[in-house]
Amino acid sequence: MSTTLDEDRVRRKAHEIWESEGRPDGRSDSHWQQAREIVALKDSYGSTLTPVANSLEQEAEPAVAFENQGEFPGLTDMGDGARGPSWQAARATTDEDDADPDNTVPSQGTRA
């Protein structure tokens, strides 16, 4: 029986949309889809207003959650080491390349 009631509500809403748009021809599928969505949203909205059972007897977050909060990296945690590449690391890499006699990489300003 609820299916019949839902169909009636959708039909009435589709008719209302059709009239509000100036009774255009060939848009019945669009009006039916819009009406179905509107009826479904109204039904679901009503269920969101149902009061929640009294479950506030327990704490929402145990105190342990706040005590352990600093143990995990956050958005502002930069870590203990250096961030990204550095000039010092680049120099060390260059010094290693110079010590290798088989290194045939041309220096800057020369063409290979």
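Which of the residues belonging to the stretch 26-68 are among the aliphatic types (A, V, I, L, M), modelled with pLDDT under 70 and closer than 30 Å to VAL10 by Cα?
Those that are among the aliphatic types (A, V, I, L, M), modelled with pLDDT under 70 and closer than 30 Å to VAL10 by Cα: LEU49, VAL52.
Show the residue pairs that are 6+ apart or on different chains and have beta-carbon atoms under 7 Å apart, the first residue being within the stretch 1-23 and touching a residue at least 12 places away in the same chain (Cβ under 8 Å) and more than 16 Å from ASP43 (Cα to Cα), the second being polar (S, T, N, Q) and surrounded by 12 or more Cβ atoms within 10 Å (Cβ to Cβ).
Once the first residue is touching a residue at least 12 places away in the same chain (Cβ under 8 Å) and more than 16 Å from ASP43 (Cα to Cα) and sits in the stretch 1-23, its partners that are polar (S, T, N, Q) and surrounded by 12 or more Cβ atoms within 10 Å (Cβ to Cβ) give ILE17/GLN34.
The values are calculated or read from the model by the stated rules, or taken from the named source; none is laboratory data. These numbers were taken from a predicted model, which means no experiment stands behind them. All Cβ positions, glycine included, derive from the backbone under ideal geometry; neighbour counts span all protein chains shown.
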